[in-house]
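What follows is a single structure, written as structure tokens, with notes after it.
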Amino acid sequence: MSLLESLQQECADRLSALPAFAWLPVLVEHRRDYQSEYQRALGPLLTTAGRTGACVTVLTPTANARWPETGGPFFDEIPLVARVQENPVVNRDPARGTGQSALTICEAIALAWWQFYPVAAGGPLVPGQPTIARGPAGDFVTYEVRFVAQGGVGLALPACAVPTLAGTSPLLTLACATPGAAIFYTQDGSGPGPRNGALYTAPFAKTGPVKARAWLMGCAASATLTA
């Protein structure tokens with residue numbers, strides 16, 4: 001299960017486990033039978049603890065990287081949305097409805113997610129803006145509850161090993177313990193990288209202070225060697 005799917009499932013499980021949701025189906029959007037579950041949850045065919053007429057769907061999360069230059073993949077913001085849908089005719093029937101309006105359900109979700117700390121997140125959930133909003137127009141009353149997972153949610157990448165410098169004048173050699181890594185170096189005091197300095201391919205003569213870093217696809221760049 002991916003990081004985003006894990007986060008989505010944890011947030012859905014958080015709601016399902018609370019007494020306030022004993023009569024409310026809590027769905028996750030990526031399930032293959034989601035559409036049929038959704039249709040039954042809002043009508044008379046599917047009941048939860050003998051009640052029907054409203055349901056909650058935790059939508060598939062999206063991920064934002066506000067600082068693309070950060071080594072990644074690293075998501076510093078993941079919006080989470082719970083969509084509440086109500087069939088008023090069925091839901092307000094005293095004999096079979098849930099007894100909770102769409103807005104009452106939204107308030108319960110906000111309380112359940114407030115400062116909730118999913119294992120898959122790098123920090124607690126915080127309210128989004130707006131936290132509760134009217135959702136898409138349709139046949140049912142729809143609202144959305146919006147929260148954000150913040151604080152460094154992501155997949156940590158292994159870093160390349162720092163290059164090592166060996167040899168004596170007139171020639172110096174660079175090496176990296178990360179197999180396949182490319183080493184870039186400079187001798188003018190500037191920071192080395194794929195767009196600056198030289199790609200190390202053979203021993204070289206020292207003409208100034210050497211700075212070197214290693215790069216490899218799928219890894220974070222190494223720290224800088226200065227010698």
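The values are calculated or read from the model by the stated rules, or taken from the named source; none is laboratory data. The structure displayed is predicted, hence computed values, not measured ones. Neighbour counts run over all protein chains shown; Cβ positions are idealised from the backbone, glycine included.
Numbers below:
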quantity: Residue within the range 56-74 that is at pLDDT below 80, surrounded by fewer than 20 Cβ atoms within 10 Å (Cβ to Cβ) and in a strand (DSSP E or B) present; calculated: yes
quantity: Residue that is modelled with the lowest pLDDT, among those in the range 158-173 that are among the small types (Gly, Ala, Ser) and part of a strand (DSSP E or B); calculated: ALA159
quantity: Filter result for THR178 (assigned to a loop (DSSP other than H, G, I, E, B), among the β-branched types (Val, Ile, Thr) and either in the same structural domain as ASP76 (by TED's automatic domain parsing) or modelled with pLDDT of 85 or more (or both)); calculated: yes
quantity: Residues within the range 203-227 that are surrounded by fewer than 18 Cβ atoms within 10 Å (Cβ to Cβ) and either among the β-branched types (Val, Ile, Thr) or over 19 Å from THR178 (Cβ atoms) (or both), tallied; calculated: 9
quantity: Residue within the range 138-157 that is basic (Lys, Arg), more than 19 Å from the chain's Cα centre (by Cα) and assigned to a strand (DSSP E or B) present; calculated: no
quantity: When residues of the range 2-53 are limited to those that are more than 23 Å from the chain's Cα centre (by Cα) and among the charged types (D, E, K, R), the one modelled with the highest pLDDT; calculated: ARG51
